[in-house]
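Engineer: This is the structure, below, for whatever I ask next.
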Amino acid sequence: MSEISDTTNCSYARATIDTAMQRLGIATLNAMQQAAIAACRNDGGVVLVAPTGSGKTLAYLIPLISRLESVETEIQALVILPTRELALQVDSVARTISSGFKIACCHGGHSFKDEAASLSGHPALVIGTPGRLLDHLRRGTLCLNRIATCVIDEYDKCLQLGFLAEIEALVTATRKPRLRILTSATDTTDLPDFLSMGKAVRLHFEGEVNDTLSVRTVSSPDKDKRNTLLQLLCRIDDAPTIIFCNQREGVEQVASFLAGHRITCVAFHGGMQQPDRERSLCRLRNGSAYICIATDLAARGLDIPRVAHIIHYDLPLDEATYTHRNGRTARMNADGTAYLIVAPHEELPTDTQAVPLPLNIAPHTPAAPPMTTLHLAAGKREKIGRGDILGFLTQGCHIPSQAIGLIEVKDHYAYVAVEKEYADTAIQQAKQEKIKGKRIRVSLAL
């Protein structure tokens, strides 16, 4: 384990740093994370501006968890985030490094009753989206008057989505926490008075250039770019790819077009139900789909590792959106490529540094992923864990362990990736075998 800079070598954070690095498999914290942890040593405000994918979650979770007191029975810390997916991602990281502190996660598309039960269990940390948190506050299932640390993650995105009134109500209910942390991917100089950030420490890391990202332009002869997109997909390697559209309707149209050409893909946008959004991201993460067509909801705050290609099917509406989209690839020193499909009536911004890509390269048929995803109709609330699912597949279904991929367990269901040839075996065997003494329905997650 690499040595941490002296700026973070303080007793309040040392144990949490060690735990986080060990459990997350991190060799060292980056400069931004070290600076943020050091800035949070004292009470007051911290504004952290850093690009998508730079590790802001860990930068604020380490000092937050370091401040939690095991003897306190009230909620001590609050993290407000703009999207359900980001809430789930932060919840997962926090549970990994929190060393036994109870955590409650609240967001739309989730059972309010389950959340209320979790909040009544004296969590130390509450993570959630503005609307759902305010709903709990108004119904009396959430009490924030003992909050010591308050984080508003991706504050600029919260404003973009119109959550200012909800955030003001929540922050007011916290009665001025001792430590207030604001994170953003873009500079936020004008902040409302209710945040009390006038004397905040400001950390800016947004100017770093990603030299592992290549940008190419692809000319479409028609206003309708779908055939050009198909040609492009037939000329790039089969690797995790996100195709960005500006509207939900465009996402559905492109997904239907690709599916009609027998290309495995998933869709992701704000009009989808939460389980459908989770399933799409899970299939992209576990390798049972290489291609995701999405709105800018997927441009930041999502845990989608190893994305090789970003395709701007619709050109981004502004520079910030362009930057956030590209931030999905070329992360953690890995290479990545962004492609901008340009129709005859469109023009690139004059400062776009891109190289034209001709489509006269020999095409290939995009490969079907070797994995498929199974849906199990039980999860954490039914006391089903990863080990139970793995045991069922290896022992009850006799599936080789190397043929089993990522297992994700939700509240009332679970997803597991298996090689396609074993999917039917698992589905049929589930009709005969029990998992942890329970008969659980297994089906394909399509």
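What follows is calculated from the coordinates using simple rules that are stated; it is not laboratory data. Everything numeric here is computed off the predicted structure, so don't read it as measured data. Here Cβ is always computed from backbone atoms with ideal geometry, including for glycine, and neighbour counts include all displayed protein chains.
Engineer: What value does segment 6-204 have for Rg/Rh, both radii from Cα atoms and Rh as Kirkwood defines it? Intermediate results must be reported in sequence, preceding the final value.
Structural biologist: On the way: Rg = 15.5 Å, Rh = 16.7 Å.
Using Cα coordinates only, the ratio equals 0.93.
Engineer: Still on this structure, please answer the following. Collect residues whose amide H, placed 1.01 Å from N in the peptide plane, falls under 5 Å from the amide H of LEU406; neighbours closer than 5 in sequence don't count.
Structural biologist: ALA417
Engineer: Check TYR339: other-chain or 5+ apart residues with amide H under 5 Å from its amide H, H built from backbone geometry?
Structural biologist: Amide H neighbours of TYR339, under 5 Å, 5+ apart: ARG216, ILE310, ILE311, HIS312.
Engineer: Within segment 93-123, which residues have the backbone N less than 14 Å from the label spot 7 Å out from ARG381 along Cα→beta-carbon, could you tell me?
Structural biologist: Residues 105-119 fall inside that zone.
Engineer: Using 13 Å as the cut-off for backbone N distance, which residues of segment 354-391 belong to the label zone defined by a point 7 Å from the Cα of ILE427 along Cα→Cβ?
Structural biologist: Counting only backbone N, you get 372-376.
Engineer: For segment 371-444, take every pair of Cα atoms, bin their distances at 10 Å starting from 0, and report each bin as a whole percent.
Structural biologist: Going from the shortest bin to the longest, the percentages are 22, 63, 14.
Engineer: Two decimals, Cα atoms only, Kirkwood Rh: what is Rg/Rh over segment 277-340? Spell out each step's value before the answer.
Structural biologist: Numbers: Rg = 11.4 Å, Rh = 12.2 Å.
That ratio is 0.93, to two decimals.
Engineer: Whole-Hz ³J(HN,Hα) for each residue in segment 142-148, computed from phi via Karplus 6.51 cos²θ - 1.76 cosθ + 1.60 with θ = phi - 60°, x for glycine and proline: what do you get?
Structural biologist: Residue by residue, segment 142-148 yields 9, 10, 10, 7, 10, 5, 9 Hz.
Engineer: Could you run the Karplus curve 6.51 cos²θ - 1.76 cosθ + 1.60 with θ = phi - 60° over segment 360-373 and give me ³J(HN,Hα) per residue in whole Hz, x for Gly and Pro?
Structural biologist: Coupling constants for segment 360-373: 8, 6, 4, x, 9, 7, x, 6, 6, x, x, 9, 9, 10 Hz.
Engineer: Which whole-Hz couplings ³J(HN,Hα) result when phi for each residue of segment 387-395 is put into the Karplus expression 6.51 cos²θ - 1.76 cosθ + 1.60, θ = phi - 60°, listed in order with x for Gly and Pro?
Structural biologist: x, 5, 5, 4, x, 4, 6, 7, 9
Engineer: I would also like to ask the following. When you take every Cα atom in segment 200-259, what is the radius of gyration, and what is Dmax, the widest Cα pair distance, in Å?
Structural biologist: My reading of the Cα-based Rg and Dmax gives 16.7, 51 Å.
Engineer: Just to confirm the filter: which trypsin sites (Lys or Arg not before Pro) across segment 219-258 are DSSP coil and have at most 12 other Cβ within 10 angstrom of their Cβ? Numbers along the way, then the final one.
Structural biologist: Numbers: sites: LYS223, LYS225, ARG226, ARG235, ARG248; in loops: LYS223, LYS225, ARG235.
The qualifying sites are LYS223.
Engineer: Continuing with this model, one more query. Once amide H atoms are built 1.01 Å from N in the peptide plane, which residues 5 or more positions from ILE435, or in another chain, come under 5 Å H to H?
Structural biologist: ILE440
Engineer: Could you calculate the FRET efficiency of ASP190 with ALA117 from 1/(1 + (r/R0)^6), where r is the beta carbon distance between them and R0 is 45 Å, rounded to 0.05?
Structural biologist: Values: r = 40 Å, r/R0 = 0.88.
Here the calculated transfer efficiency is 0.70.
Engineer: Still on this structure: Calculate, for ARG178 and GLN402, the FRET efficiency according to 1/(1 + (r/R0)^6) with r their C-beta to C-beta distance and R0 60 Å; round to the nearest 0.05. Can you show the working numbers first?
Structural biologist: On the way: r = 50 Å, r/R0 = 0.83.
That gives a FRET efficiency of 0.75.
Engineer: Separate question: Given a Förster radius of 25 Å and the C-beta distance between ALA165 and ARG139 as r, what FRET efficiency does 1/(1 + (r/R0)^6) yield to the nearest 0.05?
Structural biologist: On the way: r = 17 Å, r/R0 = 0.70.
E between ALA165 and ARG139, to the nearest 0.05, is 0.90.
Engineer: Just report the Cα centroid separation between segment 50-98 and segment 375-417, whole Å.
Structural biologist: 27 Å
Engineer: Now for a separate question. Compute the label zone of ASP238 within segment 254-287: residues whose backbone N is under 12 Å from the point 7 Å along Cα-to-Cβ.
Structural biologist: Of the residues in segment 254-287, 263-264 have backbone N under 12 Å from the label point off ASP238.
Engineer: Normalised by the residues of the chain, what does the relative contact order come to in percent, with Cα pairs under 8 Å and at least six apart? Don't jump to the answer; show the numbers that get you there.
Structural biologist: Numbers: 834 pairs, mean separation 63.4, N = 446.
Relative contact order comes out at 14 percent.
Engineer: Can you give the direction-averaged projected area of the convex hull of the alpha-carbon atoms in segment 58-134, in nm²? Walk me through the intermediate numbers first.
Structural biologist: Details: hull surface 18.9 nm².
If you wrap the Cα atoms of segment 58-134 in a convex hull and average its projections, you get 4.7 nm².
Engineer: Now, a different point. On a C-alpha basis, how far is the centre of segment 358-372 from the centre of segment 162-194 in Å? Whole number, if you could?
Structural biologist: If we compute the Cα centre of each part, the gap is 46 Å.
Engineer: Continuing with the same structure: Figure the gain on full extension for HIS364 and SER99 (residue separation times 0.36 nm, minus the Cα-Cα span) and round it to one decimal in nm.
Structural biologist: Values: separation 265, 0.36 × 265 = 95.40 nm, distance 4.89 nm.
Result: 90.5 nm gained on full extension.
Engineer: Would you mind ranking THR52, THR186 by Cβ crowding within 10 Å, fewest neighbours first? The partial results should precede the final answer.
Structural biologist: On the way: THR52 19, THR186 16.
Placing the least packed residue first, the sequence is THR186, THR52.
Engineer: Would you mind computing Rg(Cα) / (2.2 N^0.38 Å) for the chain, counting N as its residues?
Structural biologist: Values: Rg = 22.7 Å, N = 446, 2.2 N^0.38 = 22.3 Å.
It is 1.02.
Engineer: Quickly estimate the mean residue ellipticity at 222 nm for the chain, helices only: each DSSP H run with n ≥ 4 gives -39500 (n - 2.57), and the total goes over all residues, rounded to 500.
Structural biologist: Working: 14 runs with 137 residues, N = 446.
Value at 222 nm, helices only, nearest 500: -9000 deg cm²/dmol.
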